[in-house]
Amino acid sequence: MLITLKNDTLEISADSFGAELHSLKYKDCQYLWQCGDAWKRYAPVLFPFVCSPTGKKYIAGGKEYTMPSNHGFARDSRFELLSADETSVSFVLKSSEETKKVYPYDFEFTVTYKLSGNKVEAEYKTVNTGSQPMYFYTGAHPAFNCPLESGLRFNDYYVKYDKPETITQSIPGGERTIVDNDTKVPLSRELFDYDVFMKDAPQSGSVTLKSDKSDKFVTVEYESGQGCIAVWSPTGDDNAAFVCLEPWTSVPVYADDEYKEIEKKPHAIKLEAGMEHSFRYNIVLG
């Protein structure tokens, strides 16, 4: 079920399958990647994992589980439409016998999108409906068109953090520096030769995709000082005309591979029985 919301300048659509955004139009310009052959997603919702543990296996409550899909199962699950009006829509996914085959916890996971001027406000709310603590990771994976208008190239763009960051990336034989106490990272296909680059607990509270040759931009806002912000695009594929700006609750689950038990993974969110956790981010279009 596809739900469309719009105001004077902004129109979005979101699908109950995966609670995934399918369109972000601002002043009639499409900002969201339209699920092409280079990557058959739009803006996946990540839950209960960000990425995957090694071998897709982990231990919970002393029992080994396999999470077959990367980034958990929410992105490939049918959500229920919880509510919708002119400016907001909410979808909910509840634990089931199927989810418990790969993830043993009772939960309600609600995704809400709300329009506010030229901004989309997103909230992922997790409620522990069980009697024991639950553990999870969550985050967003929106892909934005790059270039944002005809006549420009991928390499004409850069990502810009609102405060200086130092970001390094592990590569075979060592590591490389993506940015050193600076705000700007010029884009190239080679930049993504070693997959995603990320910053844990960033100083910045937003990252922007833009070009000096255009007035159009997209900014993702998140809470500074915690969580993780990641940037990704496929390497070596000029048909992959997009860049993902991904706010996560933390570094991915594979960063915690030293610990097989999810209860010991240092970046997993521990949510007590009956409690709720809220993860928020905004997408600003200009």
*Residues (surrounded by 17 or more Cβ atoms within 10 Å (Cβ to Cβ) and either among the polar types (S, T, N, Q) or without any contact (Cβ under 8 Å) to a residue 60 or more places away in the chain (or both)) located in region 125-155*: THR126, ASN128, THR138, ASN145
_Can you find a residue that is assigned to a helix (DSSP H, G or I) and either touching a helix residue (DSSP H, G or I) at 6+ places or on another chain (Cβ under 7 Å) or at pLDDT below 95 (or both) anywhere in region 245-254?_
yes
*Could you list, in sequence order, the residues of region 91-118 that are surrounded by fewer than 17 Cβ atoms within 10 Å (Cβ to Cβ), among the basic types (Lys, Arg) and touching a strand residue (DSSP E or B) at 6+ places or on another chain (Cβ under 9 Å)?*
LYS94, LYS101
_Would you confirm whether or not region 141-151 contains a residue that is closer than 30 Å to CYS29 by Cβ and touching a helix residue (DSSP H, G or I) at 6+ places or on another chain (Cβ under 7 Å)?_
yes
*Positions within region 34-87 being in contact with a Lys or Arg (Cβ under 8 Å, 6 or more places away or on another chain) and β-branched (Val, Ile, Thr), in sequence order*: VAL45, ILE59, THR66, THR87
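Rundown of residues vs (1) of a type outside the set (A, V, I, L, M); (2) farther than 23 Å from VAL253 by Cα, yes/no style:
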residue: LYS63; (1), (2): yes, no
residue: ALA74; (1), (2): no, no
residue: SER77; (1), (2): yes, no
residue: GLU80; (1), (2): yes, yes
residue: ASP85; (1), (2): yes, yes
residue: VAL89; (1), (2): no, yes
residue: TYR103; (1), (2): yes, no
residue: ASP106; (1), (2): yes, no
*If you take the residues of region 192-216 that are without any contact (Cβ under 8 Å) to a residue 40 or more places away in the chain and hydrophobic (A, V, I, L, M, F, W, C), which of them is surrounded by the most Cβ atoms within 10 Å (Cβ to Cβ)?*
PHE197
*Scan region 79-88 for residues that are farther than 22 Å from THR129 by Cβ and in contact with a Leu (Cβ under 6 Å, 6 or more places away or on another chain) and jot them down.*
THR87
*Among the residues of region 1-24, which ones are under 19 Å from the mean Cα position of the chain (by Cα) and assigned to a strand (DSSP E or B)?*
ILE12, SER13, ALA14, ASP15, PHE17, GLU20, LEU21, HIS22, SER23, LEU24
_Residue list for region 36-65, filter: in contact (Cβ under 8 Å) with a residue 12 or more places away in the chain, surrounded by fewer than 22 Cβ atoms within 10 Å (Cβ to Cβ) and within 12 Å of GLU20 (Cβ to Cβ)_ = ARG41
*Return yes when VAL127 is under 26 Å from VAL196 (Cβ atoms), among the β-branched types (Val, Ile, Thr) and modelled with pLDDT of 95 or more and no when it is not.*
no
*Picking from PRO266, PRO234, which residue would you name as being assigned to a loop (DSSP other than H, G, I, E, B) and free of Cβ contacts under 8 Å to residues at least 60 places away in the same chain?*
PRO266
*Is there a residue in region 276-283 that is outside any strand (DSSP E or B), hydroxyl-bearing (Ser, Thr, Tyr), under 21 Å from VAL111 (Cβ atoms) and under 20 Å from the mean Cα position of the chain (by Cα)?*
no
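The values are calculated or read from the model by the stated rules, or taken from the named source; none is laboratory data. Keep in mind the model is a prediction, meaning the values are calculated, not measured. Because the Cβ atoms are built from the backbone with ideal geometry, glycine has one as well, and the counts that use them run over all protein chains shown.
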